[in-house]
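To start, the structure under review is shown below, and the notes come after it.
The values are calculated or read from the model by the stated rules, or taken from the named source; none is laboratory data. These numbers come from a predicted model, not from an experiment. All Cβ positions, even for glycine, are placed from backbone atoms using ideal geometry, and neighbour counts span all protein chains on display.
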Amino acid sequence: MPHLISMVDLARDGMRLDAFLATLEGAPSRSACAKLIERGACTINSTLAADKSERVALGDTVELDVPSAPAGTGLLAPNFDIPLDIRYEDDCLLVISKQAGLVCHPSPGHLDDTLANALVAHCGYGHLGMLQGEDRPGIVHRLDRDTSGLLLCAKTDACQQALQDLIRLRVLDRRYLTLVHGFMAMDSGTIQTGIARSRRDPLRMCVSNDGDAREAITTYRTLERFEAGGADEGYSLLECHLYTGRTHQIRVHMRHGAHPLVGDQLYGKGTERQNLGLTRQFLHSWSVAFDHPMTGERIALADPLPADLSSTLASLSSRSMGRTAEGERILERIGMGAPRA
């Protein structure tokens, strides 16, 4: 087990502990250092460090024990108990259908029960793209914990870079199905705003014109509308197409337009009954399409709604006001039965 020791110099006086550790020769990434701090592997002046955000001071002696990882595993433990629903795989990449409730990569409270841990178990740590960092092997883009559906993962750095370039150039076609509150009058539309982290609640994002806001573009098509009931204002089923990939983008854009997602615990509204019993957002990545970065082959995949969302939608069938032409085409493709009259 390598033992690193260093004294804080003037240039690094006042740095966060995890950032300081990441500057040491032989240390892992900053996120990996933060995990080691949590595991009690770091001391400052012989006193156990307890917080990664602690500030080091000039003259402090900082020590870190870095575990020697077994060959091929890296610092991220494989988790063989997490099932992977693989829809496409070759030597370069995987497309999986992520289940709701699965976090994509390690974060506070989720150190070894993430998609990244499952990818390490399936592929081996040394056979995944590492451009996102040592704690995010294979990750190309994310889905929120309670969002289900298709997700791309990369086995090599070159493939990971190429797929991220497709996202940056807005040619990776990603489409989502979502059920929102209220009557969506337009059959299609575009929402283009800035999105930034909320200053009131660090867990939430918001539409913003501030200088730190990032451009976010979502287009939508209305697939089906449902009449209002005695305790709700009706619902609309939409397909959303992402041109950018901001955190919580669809959820924030729909809330901004007064049509929050059914079941959304962070941005939503209404009672459990008005949310049709859902305790997670009705949001599913149903379609991805792209040109394979290495072979040029066109890859186009569709993923039916999981059981909880499918049954929620079926519960509204008697209140349907009819499907649009796009709704008929898409819902037939994912096996939602014959078009309604």
Test: residue in region 73-92 that is over 30 Å from Gly124 (Cβ atoms) and touching a residue at least 40 places away in the same chain (Cβ under 8 Å): no
Out of Asp210, Asp201, sole residue that is modelled with pLDDT under 95, within 25 Å of Cys104 (Cβ to Cβ) and surrounded by fewer than 16 Cβ atoms within 10 Å (Cβ to Cβ): Asp201
Every residue from region 288-335 that is farther than 16 Å from Val171 by Cβ, in a loop (DSSP other than H, G, I, E, B) and of a type outside the set (Val, Ile, Thr): Asp303, Pro304, Leu305, Pro306, Ser315, Leu316, Gly335
Region 15-33, subset in contact with a Leu (Cβ under 8 Å, 6 or more places away or on another chain) and closer than 15 Å to Glu54 by Cβ, residue modelled with the lowest pLDDT: Arg30
Some residue of region 88-98 being among the polar types (S, T, N, Q), surrounded by 16 or more Cβ atoms within 10 Å (Cβ to Cβ), at pLDDT 95 or above and under 30 Å from Pro306 (Cβ atoms): yes
Selection count, region 102-119, where residues are touching a Ser or Thr at 6+ places or on another chain (Cβ under 9 Å), touching a residue at least 12 places away in the same chain (Cβ under 8 Å) and under 27 Å from Asp51 (Cβ atoms): 5
Matching residues in region 263-299 - criterion: being of a type outside the set (A, V, I, L, M, F, W, C) and within 19 Å of the chain's Cα centre (by Cα): Gly263, Asp264, Gln265, Tyr267, Gly268, Thr279, Arg280, Gln281, His284, Ser285, Ser287
Pair list, Cβ under 6 Å, 6 or more apart: region 258-281 residue modelled with pLDDT of 95 or more, other residue among the aromatic types (Phe, Trp, Tyr) and surrounded by fewer than 20 Cβ atoms within 10 Å (Cβ to Cβ): Pro260/Tyr267
Residue that is farthest from Leu179 (Cα to Cα), among those in region 213-243 that are β-branched (Val, Ile, Thr) and surrounded by 21 or more Cβ atoms within 10 Å (Cβ to Cβ): Thr218
Members of region 110-151 found to be among the basic types (Lys, Arg) and either in contact with a strand residue (DSSP E or B) (Cβ under 9 Å, 6 or more places away or on another chain) or at pLDDT 95 or above (or both), listed by number: Arg142, Arg145
Qualifying residue in region 181-204 (condition: among the basic types (Lys, Arg) and touching a Leu at 6+ places or on another chain (Cβ under 8 Å)): yes
The lone exception for Leu151 - which of (1) hydrophobic (A, V, I, L, M, F, W, C); (2) under 20 Å from the mean Cα position of the chain (by Cα); (3) in the same structural domain as Gly234 (by TED's automatic domain parsing) it fails: (3)
Test: residue in region 5-12 that is acidic (Asp, Glu) and farther than 20 Å from Asp112 by Cα: yes
Residues located in region 3-22, provided they are in a loop (DSSP other than H, G, I, E, B) and either of a type in the set (Asp, Glu) or in the same structural domain as Gly133 (by TED's automatic domain parsing) (or both): Asp9, Asp13
Residues within region 194-246 that are free of Cβ contacts under 8 Å to residues at least 60 places away in the same chain and in a loop (DSSP other than H, G, I, E, B), tallied: 17
Selection count, region 23-56, where residues are in contact (Cβ under 8 Å) with a residue 40 or more places away in the chain, surrounded by 13 or more Cβ atoms within 10 Å (Cβ to Cβ) and in a loop (DSSP other than H, G, I, E, B): 4
Looking only at region 248-267, and only at residues there that are in contact with a Lys or Arg (Cβ under 8 Å, 6 or more places away or on another chain) and not in a strand (DSSP E or B), the one that is farthest from Gly182 (Cα to Cα): His248
Output for region 244-256, where each listed residue is surrounded by fewer than 18 Cβ atoms within 10 Å (Cβ to Cβ) and modelled with pLDDT of 95 or more: His256
